[in-house]
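Take a look at the structure below.
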Amino acid sequence: MGKLLGPTALIFVKISRCNEEQRRNYSDRKTNKGIVRTNNAIVEVHIRGSLQTIDLTTGRIFSAHLIEVTRDAQNHSDDGIPEFPSQELVRDAAINAAAHEASTFFVKWAEQKRLYFFNGKECNLNRAFAMLKAGDIEGTVRQSEENVGACKSWPKVKDSNVAHAYYNAGLSYMLVNEHAKAISYLTESERLKGGDIVTQTIIQANRSAKLAVEMQSVTEKTEKFEQAQAEMKARAPQAPGPSGPTGARPALESVEERLKKLDGLFKKGLITKQEFEAKKTEILKDI
């Protein structure tokens, strides 16, 4: 199909879950007039699926990615039971979020994430914070690493402060793309004193590490492709030029030699099957 129709890749999207949930709960708060109860009506939409990209020339799966999105909306009332939010609006928001997540595998995108950095006097956390605020990332990493060591000798230091020092060090390493160290420090922070901030930052660190690996893979494939193109161009037969001092013309490679070199490039993975067949056909025309 790829040779007949022209596309080089086929994208499969499989949705394994797409459901809506409705639930009610309440919360109480103290006011000057006494306890006030707020009733909540919540709609959640969950979408889970997978995306695969297949090379049509070889049948090889380039990549397989999980897509998982949850979106919700809430209505609140202090007087009676509120209506549920529109299921259609929540569903549309979830579908748009899933579509955006899928598009990031194929096109450039930009997104902002809010992460936290602790600024306290204990364990000299404020020193690293000042460097980060000034844009000195390398200094932030160095100072955050020192702060972890300082916590061990700090008098009567609390576990929460030690956890904050490990967290800052993990976030600092994440900023310079040293993901293994980042995840190690963040995991230790979670062990000492977990919380939503640490949990979310670990999720972002793992995602950043995965993206870094995928970007490196793309870079390597691009370099191999460009190298193969350059080698093929260099080995292509040149039109006879003017004769040298002796009147002899440079010898051209035989068809057999060119085919052997082309086969070598293909076996090394430097050119695709499609490129191999196209070049082979071109060489055979010279017989």
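A short reminder: the numbers here are calculations on the coordinates, not readings from a lab. Only a predicted model underlies this, so the values are computations on that prediction, with no experimental measurement involved. In this analysis, Cβ positions are derived from the backbone assuming ideal geometry, glycine residues included, and neighbour counts consider all displayed protein chains.
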message: Can you compute the charge dipole magnitude of the chain about its Cα centre, using +1 on each Lys and Arg Cβ and -1 on each Asp and Glu Cβ, nothing else charged? Give it in debye, rounded to the nearest 20.
response: 380
- prompt: Quick one: what does P(r) look like for the chain with 10 Å bins over all Cα pairs, in whole %?
  reply: 5, 16, 17, 19, 18, 11, 7, 4, 2, 1, 0, 0
field: LYS113 paired with ARG48, simple spin-label distance in nm, labels 7 Å along Cα-to-beta-carbon
entry: 2.2
field: Contact order relative to length of the chain, as percent, for alpha carbon pairs under 8 angstrom and 6 or more apart
entry: 10
- prompt: Where in the chain lies the longest segment free of GluC sites (Glu not before Pro) that are both loop residues by DSSP (not H, G, I, E, B) and have at most 11 other Cβ atoms within 10 Å?
  reply: 112-287
- prompt: Applying the Karplus parametrisation 6.51 cos²θ - 1.76 cosθ + 1.60 with θ = phi - 60° to the phi angles of region 175-184, what ³J(HN,Hα) value in whole Hz is obtained for each residue in order, glycine and proline being reported as x?
  reply: 5, 9, 6, 9, 6, 4, 5, 4, 5, 4
field: MRE, 222 nm, helices only [DSSP H, n ≥ 4, -39500 (n - 2.57), over the chain, to nearest 500]
entry: -16500 deg cm²/dmol
- prompt: Under the rule that a partner needs its Cβ under 4.7 Å from the first Cβ, which Cys of the chain have none?
  reply: CYS18
task: Collect residues whose amide H, placed 1.01 Å from N in the peptide plane, falls under 5 Å from the amide H of PHE62; neighbours closer than 5 in sequence don't count.
output: THR53, ILE54, ASP55
Degrees separating the helix 137-153 axis from the principal Cα axis of the chain, which is the longest one: 50
Mean projection area, nm², convex hull over Cα of region 74-133: 8.8
query: Which of the lysines could a cross-linker bridge to LYS224, judged by Cα under 24 Å and excluding same-chain residues fewer than eight apart?
result: LYS3, LYS108, LYS210, LYS233, LYS260, LYS261, LYS267, LYS268, LYS273, LYS279, LYS280
query: Not counting the cut sites, what is the longest span of the chain without trypsin sites (Lys or Arg not before Pro) that DSSP labels loop and that have at most 15 other Cβ atoms within 10 Å?
result: 159-267
